[in-house]
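Before any comments, here is the structure.
The values are calculated or read from the model by the stated rules, or taken from the named source; none is laboratory data. Bear in mind that the values here come from a model prediction, so they are computed numbers and not experimental data. Cβ coordinates were reconstructed from backbone atoms using ideal geometry, including for glycine residues, and neighbour counts include every protein chain displayed. Just so you know, the surface numbers come from the protein's heavy atoms only, side chains and all, with ligands and any DNA or RNA stripped out. Shrake-Rupley method; radii C 1.70, N 1.55, O 1.52, S 1.80 Å.
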Amino acid sequence: MAAAAPVTAPKESPPEQAHRGRVLVTVYAAVVLVATAGFVSLAIFVRQEDVITNFDAPVAQAIQSINTPVLSWILLHVSDLGWAPLDIACVVVIAGALAALRLRLEALLIVLSTLLAGGVGTLTKDVVQRARPTSTFVHLAGHLADYSFPSGHVIFATVLFGTTFGIVWIVWSSSVLRNTTLVLLAALVLLMGPSRIYMGQHWPTDVLGAYCLGGLWVAGTLEVLLALRPRVKPWWQGREFRRRWKPLL
């Protein structure tokens with residue numbers, strides 16, 4: 001008997017590819033609009049007392065009630081990555097690793113984007129001027145003197161680890177190492193917010209606002225990267241991407 005021909009998935013036709021591209025752009029644009037609206041709304045309304053009593057305090061108290069030893073330890077120590085010198089070490093390690101892998105433009109943008117996002121977060125705090133959580137509502141792991149909205153730690157983690165997530169996802173094909181790296185980066189982003197609430201140093205809405213701002217910043221950074229990459233010298237381009245990517249917006 002003749003051997004059966006190997007079964008291969010049918011390739012998408014150009015119209016199908018174009019349709020998928022339009023759907024992706026539509027979803028992407030919708031997410032960006034929702035994040036923008038969410039951040040602006042939170043920045044306007046977070047200073048109202050009802051927000052604390054009806055949402056922030058109950059959610060914070062529920063998160064602080066977690067007493068699983070391993071999870072409690074993680075929530076206590078993830079925040080350490082946002083304090084000096086570990087924050088500087090995280091930026092240096094990630095930028096150094098990208099540069100060593102010949103992703104030089106990506107390494108430079110990671111550093112600049114993280115620094116600029118931190119500055120915007122600080123400026124937003126000074127404009128909104130929301131007070132930190134108090135012991136009336138939650139347990140405080142320590143007192144911080146600056147303003148509360150948005151969380152600088154969450155902006156830092158979202159921009160640094162989130163942008164790195166996007167770069168790793170774009171550059172490398174699926175593998176155990178690549179997928180493990182993506183899971184670790186995503187976990188650092190997702191755990192930073194609950195960690196700040198668990199320690200009583202931010203309200204949940206501070207964290208949500210920071211995720212909105214940080215997510216928008218990551219999207220903007222990746223758009224800038226994809227727009228700049230074809231226009232810079234080959235030394236800056238370094239490693240080839242696994243397939244051709246273009247800015248979505």
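Brief remarks on what is shown
- Heavy-atom accessible surface of segment 176-232: percent carbon and sulfur, 1.4 Å: 81
- Surface accessible to a 1.4 Å probe, per residue, for the residues of segment 135-249, Å²: 48
- Computed over all pairs of different Cα atoms, the Kirkwood value for the hydrodynamic radius of segment 40-114 is 15.8 Å.
- Accessible area (Å², per residue) of segment 55-127, counting only protein heavy atoms and a probe of 1.4 Å: 53
- Full-stretch length increase - residue 97, residue 146 - with 0.36 nm per residue and alpha-carbon distance subtracted: 14.3 nm
- All C-alpha pair distances within segment 48-182, sorted into 5 Å bins from zero, spread as 2, 9, 14, 18, 18, 15, 11, 8, 5, 1, 0 percent across the bins.
- Among (1) 38; (2) 30; (3) 43, the entry that matches percent of Cα pairs over 29 Å apart as calculated here: (1)
- Applying a DSSP loop filter and a limit of 16 other Cβ atoms within 10 Å to the trypsin sites (Lys or Arg not before Pro) in segment 95-178 leaves 102.
- The convex hull defined by the C-alpha atoms of segment 115-219 has an orientation-averaged projected area of 6.9 nm².
- Listed by number, the DSSP H helices of the chain that run 18 Å or longer by alpha-carbon position along their axis and have mean Kyte hydropathy of at least 0.0 are 14-45, 86-100, 104-128, 152-171, 176-198, 204-228.
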